[in-house]
Structures are given as structure tokens and as C-alpha cells.
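In what follows, a structure is listed as C-alpha cells, so that the remarks can point back to it.
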């Protein structure tokens, strides 16, 4: 089931990539002691690193969509008796679910994984002089891409950067980890609705509980037309129609 | 007040605003409409307003895939849901396009929406099913959560049409982005590729999927279908052992097994030999192709014995007073077990085998297709007659554990409904 949400706190929403739903949920869960720790991925250079958040007052980084190989190792090294919330890609979520069935897993929607060279090339094509600076982190804030270097941060157009990455599918079509490419093992799947808010797909009772705990800090956009549209997976429909047309034309 | 679910569902589906004047003129054939002084329109407007107020404040739980209201098993599940989840701020609505229904048999807190059918065949049944589909559409749009109480029809063991009928309400709920909770069911096997895909879509998009057996859990996992937990069926909820047993032997014959096997002749022969007083206890009372009632009446005329006929709860209370119970239907066995009555199960179905195995009672299960059925049956009846007190005593801790686990399951569902109410 789908919800369209955004953070009701304007300062948090201003710093978010789309609607700030993930950060708001994590903050609320830590504040209400529903979870003791949050494990998530933050941007580091052209890649990613794992961050563990213990208090609601700690700074929470924006959601990073890059694949982070250290996430599962860090998760395993943490004490097992503390309840955790993890932000992980769908394939990582599947592995974590097999390890620990009680953890709340929030998953950003899966994109094709891009190597660090690809990101560097895209930045270069956007006009950022990558050879002159050492990039500390890359974040998206709505329609801007914020490239942080040692002593300054540069703003680029996110749409231009996105076009340079050349995504033709919203998920990796060769990936068979989850059947619907929407994080089958995750409790909550979050993605951008391109209108500065998030679409939240809740997949389990644990997910519903997590979202309900954060409801005071979130604003739900109720739109029944949108709900009906969202429930139909257009990507799948498009693919079937394209296959059908291909078969007819080939004959 | 007259309601027009057929038309309103179509209009709502295509998001066409309803016009009370149009509906009244079209369907009530009201002559006063042109003067603007129509009592029906005034009533309609007031109903719209009151509906809006109620809809916002109350949580609407839609129970679907309940097939036969004369089936005691389904009624026990419904009673468990109403007694645990029924609260003052909630409406429990029952809607299922293909159900066989009599509103009078439902608990007071449940409201049935749709046309009543008394049998599962004939042209009226199919017309009612199509009309009920629009009722269901309307209720899905209005509800906050959908509870699926179907038994084992999601698999295509009995035919592809059962899977399709079972999945239809679930797929419609997903289309309207409504949360679906699948209460404990037996979900295996899928013989056809089509039914497997259909079930995959229906179950993977559900909020929670509970199954009754470990076998179902492993099977669904191997197919990549979402499954959350193995839990005992909700029919175990509420069964109580009062104490004090008569010398009667209760027996339940299933119409399904009667059609496929002649084991009932041996059962009756053995019971005649033992010279025990027997009571026939049907568990499905209506719909001729499925009814145990007509079968039991026929047996009572043929051989000696009375037929006990009452509602689900009364039948369970009666079973609790029996010395032993011989059951063929799954929920008749549950009725006996939940009241700690010693049971001899006569069945070859996967769900009954799993239930008896989970309770450590495999030795009290007889396969009706066994070559030496009469001998095995007689041996086991004698064994159970000799040890019925010990058996009943041994069952008590097991049943109290099962009832606790069922309560935990219903608590989880209750918490989920509370959370969904906050997200409205």
C-alpha cells in the first residue's frame, strides 16, 4: 500500500533530496525509543560509507543510493540485543532479513549500481573540475546536486547530472534479487515522486507500525487518484506491451 | 434507505461524481423530482452527509473470501475476529461476491453487504455474484483494511476457478492501495503457472501473509512468494472445556470424502460392533453439493443415531461434552481439539495431516483410502476409547498454548489496525 508523504518540518524538508521521509522516520523512531540504533549509508567521495546513529540529536545524512559494501559487516558487528532500523538497498535488505528477522528495514528504490568512475565522469561532463578538487561527498537537495570538497561546496543541476548517468530503467533489469524490483524483503520502500515528496510503499505490519510512529512529523498527501495510478506498476505494463509489440513486429 | 451500489460503484470507479437527482430519477422513477421537493433526494443528501462523518471517524474492516455462512468452521473464524477485533470505533463489514449467505446467522457486530444466495449453483447465484462484485468494489474503496479469511481455496487443488475467485477481491484491494492481511490459511499446491502468478501478485502485495502449516510456509518461500509466519487457525480461539463428559461418540462425515470413498460403511460397521451410542454432527449445513447435514440425516435413517443441529458455537459446546469425536472436516476436528475432546481424524488432506502432526497426534489419524481401513480404524477407536481421559488431560497444555498463540496473532492484527487508523 502506498502513501505520498513529506516531512512536516520545513528545515528538514529543505535539506532533503525529495520529501525527507527516511530521515523523519529514523528521527521519530530514535526519539520514541522504538529503536536504539540506526544504520545507514552516507556519501563518501564518489562512493559510500556506513554511519551508525545512536541518538535522535545526531546529524542524520541524506539517503545515499550508492551500493555500500561495508553495511552488512557493520550491522553484524553491532550488539544484537539493541533493536535497529537499517536503510539498505533491496539486495542488502534480503541478506539482512535472513540474518535478523526483527530489524526494521527501510529501502530506497533500487537503481542501477554505477561505479565510481561513472559518477566522476558524469560530474566532469556537468562542468565540475574533478581533477582540481578532492570530492568529500555528493548529495542531492531537491533539484540541486551538492558536491562537497575540502573547503567549499558546489551546486550543480541534478537533472543534468542525472541525464549524464544515462539511466534507461528505474531498476536494474538483470537483477533478480527481488521479483518486483521494489525491495520485497524491506518493510518500507521509499522513492521520489518528482514533486518534492516521497512515495512510501509499506510492505509489512512492522513497516506500518514504524510509519505510524513517525506520523506526527510527516504530512500525508491523500490523493485517491494518485493511489489508483500508483498501484498499477507502469513499468511492468510498459515492458509487457513492448514485448508484445516486438513479437508482432518481428513476425 | 434505498441504495444503488451497482451504479455508484461504476461512477466511483471512473471518478464520476454522483448526482442524487440523476440516480433518483433513473431508479426511483420519482415524479416529484422536477418540483425539487423529493423526499428521496432529501434522504439521500442526509445519508451522504452522515456517511461522510462516519467514514472519517470510524475504522472499517472488510472481511472477505468467506464462502459459506453455514460452514461452522468459517463461522468460528468470523466469531474470533468479531470478539477480538470488534470495538466501538470499528465497523466490521463482510462482503464476498461468491458467498452463500444468510444475514441472520451472522454475529450482530458484522454487517453483510451484498445479495444473499442460498446455494452455489443456478442462474440466480451467478447473477448475484456479478452484482455482489460491485458491492465489493464499493466496500473496498471505503474500507481501511481488508482481512482475508478464506480456507484453502487460494491454491488450485480443487480447480482454477477457486484460485481466481479467491484472488479477485485481493487484487481489487491492491488496485485501490488498501492493506490486505491474509489470516492463517493452507496455501499449496499450485499446479498451473497462471494460478501461481496470480497468487504471487495477490500475496506479495499483501501487508501480512499467515499460513497454517510449515509445509505451506516452505512451499511459498521456495516459489518466492511472501509469507510472514506460521500460526494456528483462528478457529482455535474461544474454545473452552467445561468438564463432565457423556458416553456419546460424536461423528462428522464430510460430503467430499463420501463422494470419493466408501470408508463410511466400515466406520458405521465398527461403531455398530462396539455398540456405542453415536451422534452425527454435521459441520456444513447448507448448499447441497457440500452439505454434511443431508448426508448425516441419510445415515441416521439408515443406521441408528441422532443428528445434532445447531450453530457453530453451540456445536462446539456440544462436542466438548462427548467422550470421543470422530471427525472428517478440518474445522470439526479443531472444534473438538479446542475443547480438549479426544479426536480420531479420518482424512487424507494435507491440512488435517499437518494439524495432527503439529499436535503430536499422528497416531490418531486414519487414511480413508487405506486398503485395510476397517482394521486400522477399529484398532484406533478401541485405543482412543481406552485412553480418552489421559488423552484429554494431555491435550490441555497444548491447547492453551495454541490459544495463546492465536491471541498473539490477533493482537498483532489489532495493533496493525490501530496503526492504520492513525495513518488515515
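Values as computed for the structure displayed
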| item | result |
| --- | --- |
| At R0 = 22 Å, FRET efficiency that the Cβ-Cβ distance of residue A:220 and residue B:229 yields, to 0.05 | 0.20 |
| Percentage relative contact order, chain B, counting C-alpha pairs under 8 Å, at least six apart | 13 percent |
| In nm, spacing of pseudo-spin labels at residue A:132 and residue B:374 (7 Å Cα→C-beta vector) | 10.1 nm |
| Length released on extending from residue B:301 to residue B:288, taking residue separation times 0.36 nm less the Cα-Cα span | 2.9 nm |
| Sorted peptide list for B:193-199, B:346-352, criterion being average Cβ within 10 angstrom, highest first | B:346-352, B:193-199 |
| Per-selection metrics, chain B (Cα): Rg and Dmax in Å | 23.5, 82 |
| Two-site FRET efficiency, residue A:54 against residue B:119, from Cβ-Cβ distance with R₀ of 41 Å, rounded to 0.05 | 0.05 |
| Fraction of antiparallel bridges per DSSP, the protein assembly as shown only, in percent to nearest 5 | 45 percent |
| Folded to 0 to 90 degrees: helix B:160-175 orientation relative to chain B principal axis, Cα | 40 degrees |
| Shielding of A:178-188 by partner chains, average beta-carbon count, 10 Å | 2 |
| Packing rank of B:200-206, B:358-364, B:94-100, where each peptide gets the mean count of other beta carbons within 10 Å, highest leading | B:94-100, B:200-206, B:358-364 |
| Inter-probe distance in nm under a simple model that places probes 7 Å from Cα toward Cβ, at residue A:113 and residue B:197 | 3.0 nm |
| Crossing angle, helix B:263-274 versus chain B [Cα axis fit, 0-90 degrees, rounded to tens] | 50 degrees |
| Helix axis angle, B:39-57 relative to chain B longest principal axis, alpha carbon, degrees | 60 degrees |
| Modelled FRET efficiency - R0 45 Å, residue A:160 with residue A:33, Cβ distances, 0.05 increments | 0.55 |
| Rounded, prolate or oblate (a/c below 1.5 giving rounded, otherwise prolate when a/b exceeds b/c) for chain A by Cα gyration tensor | rounded |
| Percent of beta bridges antiparallel (DSSP, chain B, rounded to nearest 5) | 5 percent |
| Length released on extending from residue B:240 to residue B:58, taking residue separation times 0.36 nm less the Cα-Cα span | 62.3 nm |
| Antiparallel %, DSSP beta bridges [both residues in chain A], to 5 | 80 percent |
| Separation of the residue B:387 and residue B:221 label points, Cα + 7 Å toward Cβ, nm | 3.2 nm |
| Semi-axes of the equivalent ellipsoid for the range B:146-278, Cα gyration tensor, largest first, Å | 36, 19, 13 |
| The range B:67-106 - Rg over Rh from alpha carbon coordinates, Kirkwood radius | 0.97 |
| Fluctuation leader among A:77, A:185, A:101 - chain A, Gaussian network, Cα springs under 10 angstrom | A:77 |
| Peptide B:201-207, shielding by other chains (average Cβ, 10 Å cutoff) | 4 |
| For A:205-216, mean number of other protein chain Cβ atoms within 10 Å | 5 |
| Evaluated at q = 0.10, 0.14, 0.17, 0.20 Å⁻¹: base-10 log I(q)/I(0), Debye formula over Cα of the range B:54-188 | -0.29, -0.59, -0.89, -1.28 |
| Relative counts (whole %) of C-alpha pair distances in the protein assembly as shown, using bins that are 10 Å wide | 3, 13, 21, 21, 17, 13, 8, 3, 1, 0 |
| The range A:32-162 shape via C-alpha gyration tensor axes, a/c threshold 1.5 | prolate |
| Quotient of C-alpha Rg and 2.2 N^0.38 Å, computed over the range B:249-401 | 0.95 |
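A short reminder: the numbers here are calculations on the coordinates, not readings from a lab. All figures in this text were calculated on a predicted structure; none of them were measured in a lab. So basically every Cβ, Gly included, is an ideal-geometry build from the backbone, and we count neighbours across all protein chains shown.
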